[in-house]
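Take a look at the structure set out below.
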């Protein structure tokens, strides 16, 4: 405090106790192959609080009757270290009881990126008071969720709901059938499209290779998900047929260097469609799990 | 992909503002060295696609 090197920094010490619990969900055979995860919902049953405890709480802490519930995805790495990612967080009222839903889609996206289907999904659920205060407020303990039981039979058991789309119906079909003309009923597919550079004025005497290339394009329509699903996300656009995987195109061009022309290789990104897929405008783009 | 997109990507990658004016003799005299061709073929073979981030 009296150091000559640091300006005095005044602060307040806030008590932030929290109750934390780890939920473990087996994911084996939970996500059908060739399916797209639309949403994952964690449902927790908040147990009713005894009247007497509520009254005591109201007397001692009239200002706040809400608690913050936070859900994090826990990753245990090969070296034994672990890290968590915030997935969802929201306030619940201490006096309420019943099912509470949390969107844990991102946690399942992270789990999928691990590509370890036998590993369970680990979710850390923390409860703390809404307002951190100087009093060591322990009222967050009044917010209790029914816990997991090995037998998995208990009423109110935490539930993990996975909503998926079967890509055999709602996805793309790979390459288009060259025999079948593309029309109204064509399902999203990748069609050959050749780009001829030799016949292009601006490429003349400048682009040395390639003379042309197969760029492909995505054509056709996508099956729209059932109403029940779209009604939950009103901002989501219709599913459209788009390039879901692309590759770059290397070219050799004639470049000026030191008063002379020399051939040089340049790689043009996203010029060749590798795969087509069905996606909605506005759909959340899964966060990449950094190594 | 359109020709305009290819041209725009090429100018961007080469940090050029316009297409260089070349005549036929410029191209005819040019021989592509083996190492440039090898680099080109290596890139062409690298078929791994880059997952686009959707729309």
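Worth pointing out:
- Residue that is surrounded by the fewest Cβ atoms within 10 Å (Cβ to Cβ), among those in the range A:273-282 that are facing chain B (nearest Cβ under 7 Å) and at pLDDT 90 or above: A:274
- Flag set for residue A:19, criterion: at pLDDT below 90, more than 30 Å from residue A:233 (Cα to Cα) and touching a strand residue (DSSP E or B) at 6+ places or on another chain (Cβ under 6 Å).
- Considering the range A:199-237, and only residues there that are more than 11 Å from chain B (Cβ to nearest Cβ), surrounded by fewer than 20 Cβ atoms within 10 Å (Cβ to Cβ) and at pLDDT 90 or above, the residue that is farthest from the chain's Cα centre (by Cα) turns out to be A:211.
- When the range B:1-30 is limited to residues that are within 8 Å of chain A (Cβ to nearest Cβ) and part of a loop (DSSP other than H, G, I, E, B), the one that is nearest to the chain's Cα centre (by Cα) turns out to be B:14.
- Filter pass, residue B:39 being within 7 Å of chain A (Cβ to nearest Cβ), part of a helix (DSSP H, G or I) and at pLDDT 85 or above: yes
- Given (1) free of Cβ contacts under 8 Å to residues at least 24 places away in the same chain; (2) more than 7 Å from chain B (Cβ to nearest Cβ), number of the condition residue A:285 does not satisfy: (2)
- Tally, over the range A:88-133, of residues that are within 20 Å of the chain's Cα centre (by Cα), loosely packed, with under 15 Cβ neighbours inside 10 Å and outside any loop (DSSP other than H, G, I, E, B): 5
The values are calculated or read from the model by the stated rules, or taken from the named source; none is laboratory data. Only a predicted model underlies this, so the values are computations on that prediction, with no experimental measurement involved. Cβ atoms come from the backbone with ideal geometry, glycine included; neighbour counts cover every protein chain shown.
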